Amino acid sequence: MGLNLVAIVISAILVNNFVLMRFLGICPFLGISRRLSTAVGMGVAVIFVMTLASAITWVFQHTLLTPLGLDYLQTVVYILVIASLVQFVEMVIQKTSPALYQALGIYLPIITTNCAILGVAFINVREHYSFLESVVNGFAGGVGFTLAIVLFAGVRERLDVAETPAALQGVPIALISAGLMSVAFFGFQNLFHFLLS
Amino acid sequence: MRGLLHDFRNGIIPENPLLRLVLGTCPALAVSTAVMNGFWMGVAVTFVLTGSNLLISLIRGVIPARVRIPCFIVVIATFATVVDLTMNAFLPEMHRILGIFVPLIVVNCIILARAEAFASRKPALNAVADGLGMGLGFTLALVAISSIREILGTANLVVAGWPVFGAGLPFNPAQVMVMPPGAFIVFGLIIAALNLLTRRSRRPGACC
C-alpha cells in the first residue's frame, strides 16, 4: 500500500510528468511561464485545485455514476463538478483569506479549462485508483506541473534576453526549449528499474 | 454565399487554430505520434466544433449572457460524449490509442473560443462554415505534424494500414521524434517555418 503510493508520487512528478510526458496543461505552461513569480502562483493554484478535484470526482464517480450505471455521463458531470468547484473555491478564498485571494485569485478562473485537472480525474478512474490513491495522484500531479512550469519560467526569463531569429521568437523557441526539457526528463524513465533493483 | 466561403477559409490558413492562434496544443502534441492518430483526432474535433457551433448559434437568443459559459460547456461536453461513445463503438483500437484525449476535447480551447467569439454572435449557417473551416485547419495542421513525426521517427508512413514507403526510407529512424520531446520540437519548428514563409510573427494566445 505504502509502496504503491510512493510509486504513484514518483510517477506523477518525474517519470510521467503531467506537462512534459503526458502533455496535460500545456496551456498555462506556455501562457503563464513568462515570469517566475506568476509561474509559482499558478503552480500552487493547480496543486490545490487538482487535489480537491481528484477527491470530489472520485466521490461522484463511486457514489453516483457507477451505482446508477450512468458512466456515459462522465464527461458532462466531471466538467460541471470541476467548474463549480473552482467557482466555489474562488468565493470561499475571497471571503476567508483576502491575502490568499490576492495571490491565487487571478489564476483560478483559467484553471477550469486546464486539461490537467480534468485529465487527472480521467486517469484516476481509468487506473481504478482508490480514494487515497486518487488524492495522492492529484496532489503529486500538481507538484509535477509546478516543477515543470517553475523550471520552464527560469529558462524563459533567460530566453527573453537572448538573441533569437525573428521567426523563432515567442512560441516556437519556447516549444523547442520545452522539448529539450522533455529530453532531460527522459532521464527519469528508468528510475523504477533503478529503485526496484 | 461569399460570406460563408470567407468564414470557411478563415480557419484554414489566416487564423489556423493550431499554427496561428496556438489553441488546442495539448491534443496536438500528445496524439501526433502517427498520421492516422492525428487524422482521427482532427475528425473528432471537427465534429464537436461544428456541432457545438451550430447548436450554440441556434440557441444564442435564449442563453442569458451571465451564464453563457456554463451553457457552452454543457453543449460542448454533450458533443464530446457523442464522439467518445461513437469512437468506442466503431473505432475501438483508435479510441484506445487516443485515450483520455477524446473526452478531453471538452476542454479544447478552440471550441470554447469559437463558441464565444463566433457562434454566439452569428447566424447558424455561418457558424457551421466557421466550425468546418476551423476543424479542417486543425486537422490539416495535425496531419502535417504527425506525418513529419512518423516519417522521422519510424522511417515510414502508415496510412489506413498501408505503408506508403514500402519497406521504409533508407535512414535510421530517430525514435525521439515519436516520443514526447519530438512533439515539442516539430511543433515549434513548424510554427517557425510558417512565420518565415508569411513574414509574420504572432504573439501567443497559448491554451489547451
Give me a comma-separated list of calculated 3J(HN,Hα) values for the stretch A:167-174, in order, Karplus coefficients 6.51, -1.76, 1.60 applied at θ = phi - 60°, integers in Hz, x for any Gly or Pro.
5, 8, 4, x, 4, x, 5, 5
Mind telling me which of B:N88, B:N53, B:N108 comes out most flexible in a GNM of chain B, alpha-carbon contacts under 10 Å?
B:N88
Using a 1.4 Å probe and counting only protein heavy atoms, arrange B:T33, B:T25 so the residue with the most accessible area comes first.
B:T33, B:T25
Averaged over its residues, how many other protein chain Cβ atoms are within 10 Å of peptide A:120-132's Cβ atoms?
1
Treating only Lys and Arg (+1) and Asp and Glu (-1) as charged, each at its beta carbon, one finds that the stretch B:68-199 has a dipole about its Cα centre, in Debye to the nearest 20, of 340 debye
Mind putting a number on the dipole of the protein assembly as shown about its Cα centre? Charges go on the C-beta only, +1 for Lys and Arg and -1 for Asp and Glu, and I need it in Debye to the nearest 20.
1000 debye
Within 10 Å of each Cβ in B:67-74, the average number of Cβ atoms from other chains
3
Going by Cα centres, the stretch A:129-173 and the stretch A:64-97 are how many Å apart?
26 Å
Solvent exposure of the stretch A:1-134 as accessible area per residue, Å², 1.4 Å probe
43 Å²
Divide the volume of the convex hull of the Cα atoms of the stretch A:98-197 by its number of residues and quote the answer in cubic angstrom per residue.
176 Å³
Using a 1.4 Å probe on the protein heavy atoms only, what accessible surface does B:R60 show? Give it in Å² to the nearest 10.
100 Å²
Roughly what angle does helix B:68-90 make with the longest principal axis of chain B, taking Cα atoms, 0 to 90 degrees, to the nearest 10?
40 degrees
May I ask you to derive the relative contact order of chain B, considering only C-alpha pairs under 8 Å and at least 6 residues apart, and to give it as an integer percent?
37 percent
Average partner chain C-beta neighbours within 10 Å, per residue of B:107-114?
3
Using a Gaussian network for chain A with springs between C-alpha atoms less than 10 Å apart, which of these wobbles most: A:G43, A:G187, A:G142?
A:G187
Ignoring ligands, DNA and RNA, please state the percent of accessible area on the stretch A:27-76 from carbon and sulfur, probe 1.4 Å.
74 percent
With +1 on the Cβ of every Lys and Arg and -1 on the Cβ of every Asp and Glu, and nothing else charged, how large is the dipole of the stretch B:1-154 about its Cα centre, in debye rounded to the nearest 20?
440 debye
Quick check: with the 1.4 Å probe, what order do A:H62, B:H6 take by accessible area, largest first?
B:H6, A:H62
With no solvent and one point on each alpha carbon, what is the Debye value of log10 I(q)/I(0) for the stretch A:118-164 at q = 0.13, 0.19, 0.20 Å⁻¹?
-0.45, -0.64, -0.67
Acute angle (nearest 10 degrees) that the helix B:124-154 long axis makes with the longest principal axis of chain B, alpha-carbon atoms:
10 degrees
Taking only Cα atoms, what is the 0 to 90° angle, nearest 10, from helix B:35-58's long axis to the longest principal axis of chain B?
0 degrees
Report the residue, chosen from B:L98, B:L18, B:L189, that carries the largest GNM mean-square fluctuation when chain B is represented by alpha-carbon nodes joined by springs under 10 Å.
B:L189
Using a Förster radius of 60 Å, what is the FRET efficiency between B:V159 and B:R66 based on their Cβ-Cβ separation? Nearest 0.05, please.
0.80
Expressed in angstrom, Rg and Dmax over the Cα atoms of the protein assembly as shown are 20.8, 68
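The values are calculated or read from the model by the stated rules, or taken from the named source; none is laboratory data. Computed from a prediction, not measured in an experiment: that's the story for all the values here. Positions of Cβ are generated from backbone atoms using ideal geometry, with glycine treated the same way; all protein chains shown enter the neighbour counts. Quick note on the areas: whole protein, heavy atoms, side chains included, nothing else; ligands and nucleic acids left out. Shrake-Rupley method; radii C 1.70, N 1.55, O 1.52, S 1.80 Å.
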